[in-house]
Structures are given as structure tokens and as C-alpha cells.
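Dumping the structure here so I can ask a few things about it.
The values are calculated or read from the model by the stated rules, or taken from the named source; none is laboratory data. Just so it is clear, the model here is predicted, and its values are computed rather than measured. Methodologically, a virtual Cβ is constructed for each residue, glycine included, from the backbone with ideal geometry; neighbour enumeration extends over all protein chains shown.
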Amino acid sequence: MFYVRPYGAGTVLYLTLGHCRSTYDMQPLIEEYPEIERGSWELPVFYDLLRRGIVWGLQE
């Protein structure tokens, strides 16, 4: 999900995808998470959205 928000004299573009889960992310529920989950990082569409956001930012 992308969203654009005016902020001061500029605009912020926020991409909510991109989080992953790793060793210490589940504390205090479990001591150590058993694996790294890369989530959207493994999908080509994530990188397409990231590139489009960078292009958008360079044009502003």
C-alpha cells in the first residue's frame, strides 16, 4: 500500500510493504524467532513499487 501525504512544504510517499521478521522481532513472546521471513522482499512487484516510488520522488 502506498499513500501520499502533504507535509510542510513537501509531500511524503509511504510504502507500507517491506517489513520482515527475524531473530529478535517476536520477543518477549518467544526467545528467538527460528527463521527470517522476508515477506514482500521476495516478490518482484515489491521492487517495482519501490522503483516507482523512487522515480516519483525524483520528479517532485
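Every residue in segment 38-60 that is of a type outside the set (D, E, K, R) and without any contact (Cβ under 8 Å) to a residue 24 or more places away in the chain, please. Step through it out loud before you land on a result.
Taking segment 38-60 as the starting set, the residues that turn out to be of a type outside the set (D, E, K, R) are 39-41, 43-47, 49-50, 53-59.
Across segment 38-60, the qualifying residues are Gly39, Ser40, Trp41, Leu43, Pro44, Val45, Tyr47, Ile54, Val55, Leu58, Gln59.
So in segment 33-47, with the set limited to residues that are more than 14 Å from Thr16 (Cα to Cα) and in a helix (DSSP H, G or I), which one is modelled with the highest pLDDT?
Per the criteria, the residue is Pro44.
Take the residues of segment 13-32 that are of a type outside the set (Phe, Trp, Tyr) and assigned to a strand (DSSP E or B): which is nearest to Met1 (Cα to Cα)?
The extreme case among them is Leu15.
With the checklist (1) free of Cβ contacts under 8 Å to residues at least 12 places away in the same chain; (2) part of a loop (DSSP other than H, G, I, E, B) in hand, flag the one item Arg5 doesn't pass.
(2)
If you take the residues in segment 11-37 that are charged (D, E, K, R) and without any contact (Cβ under 8 Å) to a residue 12 or more places away in the chain, which one is surrounded by the most Cβ atoms within 10 Å (Cβ to Cβ)?
Within segment 11-37, the match that is surrounded by the most Cβ atoms within 10 Å (Cβ to Cβ) is Asp25.
Do you know which residues across segment 38-53 are aliphatic (A, V, I, L, M) and either touching a strand residue (DSSP E or B) at 6+ places or on another chain (Cβ under 6 Å) or surrounded by 11 or more Cβ atoms within 10 Å (Cβ to Cβ) (or both)? Walk me through how you get there before you give the answer.
To start, the set of residues in segment 38-53 that are aliphatic (A, V, I, L, M) comprises 43, 45, 49-50.
Residues satisfying the conditions are Leu43, Leu49, Leu50.
Right, another one. Would you mind stating whether Arg21 is at pLDDT below 85 and in contact with an Asp or Glu (Cβ under 6 Å, 6 or more places away or on another chain)?
Yes; evaluated as a whole, the condition is true for this residue.
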